[in-house]
Amino acid sequence: MADPKGFLTQRERELPQRRPVDVRIMDWREVYEKQEEGALLRQAGRCMDCGIPFCHQGCPLGNLIPEWNDLTWRGDWAEAVERLHATNNFPEVTGRLCPAPCESACVLGINQPPVTIKQVEVSIADRAFAEGWVVPQPPDRLTGRTVAVVGSGPAGLAAAQQLTRAGHTVAVYERDDAIGGLLRYGIPEFKMEKDLLDARLAQMAAEGTRFRPGTPVGGSAPGAVSGAALVARYDAVLLAVGATAPRDLPVPGRDLPGVMPAMDYLVPANRAARGAGEGPEGRDVPGELDARGRDVVIIGGGDTGADCLGTALRQGARSVTQLAHGPQPPAERSAGEPWPVDPRLFEVTSAHEEGGDRRFTASTTRFVAGEDGRVAGLEIVQAERVGREVRPVPGTEEVLDTQLVLIATGYTGPERGPLLDEVGVDLDERGLVARDGSYATSVPGVFVAGDAGRGQSLIVWAIAEGRAAAAAIDARLSGRPSTLPAPVRPTDRPLVV
C-alpha cells in the first residue's frame with residue numbers, strides 16, 4: 001500500500017477549496033482552486049491497497065485505483081499517468097464530472113470517510129497535460145477497415161480512440177458545429193472548461209481519428225448524410241447518439257412560452273459562455289432563454305438541474321427555485337443502501353452554494369399564464385409517499401412566480417427520427433436501441449454503445465461501453481478475438497440492494 005499508516009494518521013478527507021462565491025458567479029471558469037500537493041499526497045496515502053479493492057466494483061471502467069494512489073503518494077507521476085490511462089481514455093473528464101461511485105465502494109468508507117479518489121484522478125490527469133505527457137499514440141499499421149462513429153459524446157469518442165489505435169480508419173460524425181456531444185454544450189464551463197476537451201481531441205486527431213462536425217446523419221438538413229449510405233460505405237457503424245429525448249411534464253400550461261426542457265436552455269447558454277472569461281460577456285443569449293432579472297424555477301433535483309441553477313445565477317436571475325419530486329435524501333448512508341452500493345445522499349453542489357432555494361416533495365400541477373401569454377406562475381402541491389404511491393396533500397397548493405421554467409426530469413432514450421429510421425435498427429421495450437451481448441444491433445455491421453442502448457446513465461458507464469463496443473467491433477473486423485479491453489457487458493448494471 002502507499003503509506004501503511006496513512007489511514008490511521010490521516011482520518012479525514014481533504015478537498016480543494018472552491019473559489020469565493022461572490023467571485024466565481026461573475027465568470028464562467030471552473031469553481032475549484034488548485035489543491036496543495038501535500039494534501040493530495042496525504043489523501044493518496046490513505047488508500048489501504050485492500051485485498052479485495054471494492055473501488056474496482058464501484059467503477060465500471062475497472063480503474064486501477066490502488067495502483068495509481070500508491071504511485072501518486074510515491075511521487076512517480078509519470079507511471080501514475082500510465083496506469084490511469086490504461087483503463088480510462090478521458091480521466092480529465094471523469095475526474096471532474098463523474099459522481100464517483102468508486103468512493104462509495106471504497107473499503108475505507110466502512111468506518112472512515114473514503115479516499116478522495118476522484119480528486120487524485122483529476123490531479124494525475126491535469127499533471128499529464130501540464131507536463132506534456134498526453135501525446136498521440138498512432139497505430140503501427142493500418143488494417144484497411146473503416147468505421148463510422150455517429151455521436152461524439154464520451155461513448156463515441158472512447159470507441160473512436162480505441163479503434164483508431166487498433167489500426168482502423170475511424171470517422172466521427174457529429175450534428176453540432178463542434179465535436180464533444182453534451183460534453184461540449186451540455187456541461188457548463190464552471191464544471192469543465194472546454195480547453196481540456198480540445199486538448200484531448202487534438203491528441204485523437206494526431207492519432208488519425210477523423211472528425212466530421214456539422215454533419216447530421218439521417219434526414220434532409222444541410223450537410224446531412226444518409227444513414228443507409230453510411231452503413232453501405234463503412235465496414236462497421238457505431239451508434240453513440242446518447243439518450244437525449246427529454247422526459248416531459250404533461251400538465252396544463254406545458255406549451256406556454258417560457259417553459260422548456262433543460263437542454264434547450266443549457267446548450268445556447270453554454271455556447272454563449274464559451275470563452276467568455278471575466279465580465280458580462282457570455283451572458284448574451286436569446287431573450288426567451290435569458291434568466292437575467294427573472295424568477296427561474298427548475299423542475300428536477302439532479303445534476304442537470306444544478307447545472308441550470310449555476311447558469312441562471314451567472315446570467316443574473318432575480319431568484320432561482322429548484323424543485324424535487326421526492327423527499328430530501330439523508331446526509332448519511334441509510335440501512336437500506338449499505339456499503340458498497342452507491343447511496344443516494346443529500347448533496348450540496350457548487351451551484352447550490354451560490355444561491356437559490358431547494359424544495360422537496362413538490363409536485364407540479366399546472367403552469368399559469370400571464371397577461372402577455374407567457375408563463376407567469378407555477379402551481380405546486382406538497383406530496384407524500386403512501387406505500388409505492390406518491391399522493392398530493394390537500395390544502396398545500398401554492399403558486400410560485402416565475403417567468404422561466406426549466407424541466408430537468410431526465411431522459412427517456414435516443415431521439416426518434418430519421419437516423420434510426422434510415423439505419424433501420426430495432427428498438428427494445430424501453431425505446432432504446434436493441435442489441436445483443438456484443439453490442440450489435442439488428443442490422444449487420446451496426447453496433448450501439450452508451451446511453452442509446454443502456455438508457456440514461458453515468459459518464460463512466462458511457463466510456464466503459466465505448467471501450468467494450470470497440471473491442472466487439474475490432475473482433476468482427478479482424479475475424480479473431482480482440483486484444484482491446486472490454487470492461488463491461490451490455491447487461492452489466494451497478495450493484496444495488
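Things worth noting here:
- R0 of 56 Å, Cβ-Cβ distance Q203-V393: FRET efficiency to nearest 0.05: 0.55
- Excluding same-chain neighbours fewer than eight residues apart, the aspartates and glutamates reachable from K5 by a Cα-Cα span under 18 Å are E14, D49, E67, D70.
- Highest average first, the peptides 51-63, 364-376 ordered by how many other beta carbon atoms sit within 10 Å of their residues are 51-63, 364-376.
- Eligible lysines near K34 by straight Cα distance, threshold 20 Å, same-chain separation 8 or greater: K118, K191, K194
- On a per residue basis, the chain carries 43 Å² of accessible surface, using protein heavy atoms and a 1.4 Å probe.
- Of the solvent-accessible surface of the range 34-120, computed with a 1.4 Å probe and all protein chains present, 55% belongs to carbon and sulfur.
- Order by protection proxy (mean Cβ within 10 Å, highest first), peptides 91-97, 150-156: 150-156, 91-97
- Any cysteine of the chain lacking a neighbouring Cys Cβ under 4.7 Å - listed by number: C47, C50, C98, C106, C308
- Per residue, the chain reaches -9000 deg cm²/dmol at 222 nm when only DSSP H runs of four or more residues are counted, each adding -39500 (n - 2.57).
- The range 290-389 shape via C-alpha gyration tensor axes, a/c threshold 1.5: oblate
- Measuring nothing but protein heavy atoms, the accessible surface of the range 204-343 at 1.4 Å probe radius is 53 percent carbon and sulfur.
- FRET efficiency, R271 to Q17 (Cβ-Cβ, R0 35 Å, nearest 0.05): 0.75
- Alpha-carbon centroid distance for the pair the range 324-383 / the range 419-497, whole angstrom: 33
- If both residues of a DSSP beta bridge must be in the chain, then about 40% of such bridges are antiparallel.
- Extension gain, D357 back to L495 (0.36 nm per residue minus Cα-Cα distance, nm): 46.4 nm
- Rounded, prolate or oblate (a/c below 1.5 giving rounded, otherwise prolate when a/b exceeds b/c) for the chain by Cα gyration tensor: oblate
- Cα shape, the range 145-188, gyration tensor, a/c 1.5 rule: prolate
- Bridges between two residues of the range 170-326, per DSSP, are antiparallel at a rate of about 10%.
- For peptides 162-169, 474-481, sequence by mean Cβ density within 10 Å, most packed first: 162-169, 474-481
- Helices of the chain meeting both criteria, an alpha-carbon length of 27 angstrom or more along the long axis and an average Kyte-Doolittle score not below -0.5, with helices taken as full DSSP H segments, are 459-478.
- Between the range 162-240 and the range 48-75, the Cα center-to-center distance that results, in Å: 31
- Calculated FRET value between R29 and F346, using beta carbons and R₀ = 25 Å, to 0.05: 0.40
The values are calculated or read from the model by the stated rules, or taken from the named source; none is laboratory data. None of the values given here were measured: they were computed from a predicted structure. Quick reminder, even Gly has a Cβ in these numbers, built from the backbone with ideal geometry, and neighbours come from all protein chains shown. To get the accessible areas, we keep the full protein, side chains included, count just its heavy atoms, and leave off ligands, DNA and RNA. Shrake-Rupley method; radii C 1.70, N 1.55, O 1.52, S 1.80 Å.
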